[in-house]
1. I'm trying to understand the selection: among the residues of the range 168-185, which are over 12 Å from I218 (Cβ atoms) and part of a strand (DSSP E or B)?
2. From the list K56, K83, K9, exactly one residue is surrounded by 14 or more Cβ atoms within 10 Å (Cβ to Cβ), without any contact (Cβ under 8 Å) to a residue 40 or more places away in the chain and not assigned by TED's automatic domain parsing to the domain that holds K168. Which is it?
3. Enumerate the pairs (first residue in the range 196-217 and outside the structural domain of T99 (by TED's automatic domain parsing) and loosely packed, with under 13 Cβ neighbours inside 10 Å; second residue anywhere and among the hydrophobic types (A, V, I, L, M, F, W, C) and assigned to a loop (DSSP other than H, G, I, E, B)) with beta-carbon separation below 8 Å, excluding pairs fewer than 6 apart on the same chain, so at least 6 apart or on different chains.
4. Pull up the range 168-185, narrow it to residues that are in contact with a Ser or Thr (Cβ under 8 Å, 6 or more places away or on another chain) and farther than 21 Å from L5 by Cα, then point me to the one that is surrounded by the fewest Cβ atoms within 10 Å (Cβ to Cβ).
5. With the condition kept exactly as written, say whether any residue in the range 95-103 is of a type outside the set (F, W, Y), surrounded by fewer than 23 Cβ atoms within 10 Å (Cβ to Cβ), outside the structural domain of C195 (by TED's automatic domain parsing) and farther than 23 Å from L17 by Cβ.
6. With the range 1-94 as the region, which helices (runs of 4 or more DSSP H) entirely inside it contain at least 1 residues that are of a type in the set (D, E, K, R) and under 17 Å from E124 (Cα atoms)?
Amino acid sequence: MRILLVRPKPPDYTIGLKNIMVCEPLELEYLASAVEDHEVEIFDMILENHLHEKIKSFNPDILGTSSYITGINIVKEICKIAKEINHKIHTVVGGVHATLVPEDFEDENIDTIIKGEGIWNFSELVDEIQKGKDCFNSFKQTGDDYFRTDVDRLPFPKRSLTKKYHQKYYYLFHQPVTIIKTSFGCPYSCNFCYCWKLTNGKVYSRSTESVISELSQIENKEVYIVDDTFFVSKKHNGYP
């Protein structure tokens, strides 16, 4: 199956971090690794325009995208564009806001909303669609635990799909830069933050061996660690 994963461009009216950093869409690279047996492409709307032309030329069976709260309307517009070009394209939305407030994405142009950990849920959804199952107006959801497997068994992000953008990704004066995630979640429950809600207050840390293995495959000298709470565990960070 042909799968197009789209990273939305942040709305112009938001501040965010877009003026000091544009990093790779790590969440989409993870999804791509989970469905690498299919024909997958990543389209980064922060760096590239003409989504209409991309959808028409690639002709995907599935279009997947995600966003934070500020990108709800943009995600809906992306899915609307896909449906207008070909109503048979199965549109999928996941990510932070889809997990916390999935009802915000209930829309006639969105076929499936994925809650929680998206890597295996998305892989299972693709398998179901390929088998011809009716997956319209549906939810895919994890159980109480965010990850259903050891995080060391997660596939490495498929960075080859964003290679054409690599020289444009930067963080402050670091360019090009690659990002890596060595743990997921936060054990605290700050009322202004969503991070701990995503994993029910649990932290899932990768082993040192897994992180080193991924680092050895990264070509850039500049690497930015994007953990929610990198220093929360002394053991995880190499201290006795």
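The values are calculated or read from the model by the stated rules, or taken from the named source; none is laboratory data. Note that this is a predicted model, so its numbers are computed, not measured. Using ideal geometry, Cβ is built from the backbone for each residue, glycine included, and neighbour counts are taken over all protein chains shown.
1. Hits for the range 168-185 are Y170, Y171, H174, S183, F184.
2. K83
3. Short answer, once both residue conditions are applied: Q217/F156.
4. The qualifying residue surrounded by the fewest Cβ atoms within 10 Å (Cβ to Cβ) is T182.
5. The answer is yes, given that some residue of the range 95-103 is of a type outside the set (F, W, Y), surrounded by fewer than 23 Cβ atoms within 10 Å (Cβ to Cβ), outside the structural domain of C195 (by TED's automatic domain parsing) and farther than 23 Å from L17 by Cβ.
6. So the answer is 26-34.
Residues are listed down the side, and each one gets a yes or a no for (1) part of a loop (DSSP other than H, G, I, E, B); (2) surrounded by 15 or more Cβ atoms within 10 Å (Cβ to Cβ):
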position: D107; (1), (2): yes, yes
position: V126; (1), (2): no, yes
position: K133; (1), (2): yes, no
position: T149; (1), (2): yes, no
position: P155; (1), (2): yes, yes
position: S160; (1), (2): no, no
position: H166; (1), (2): no, yes
position: P187; (1), (2): yes, no
position: N191; (1), (2): yes, no
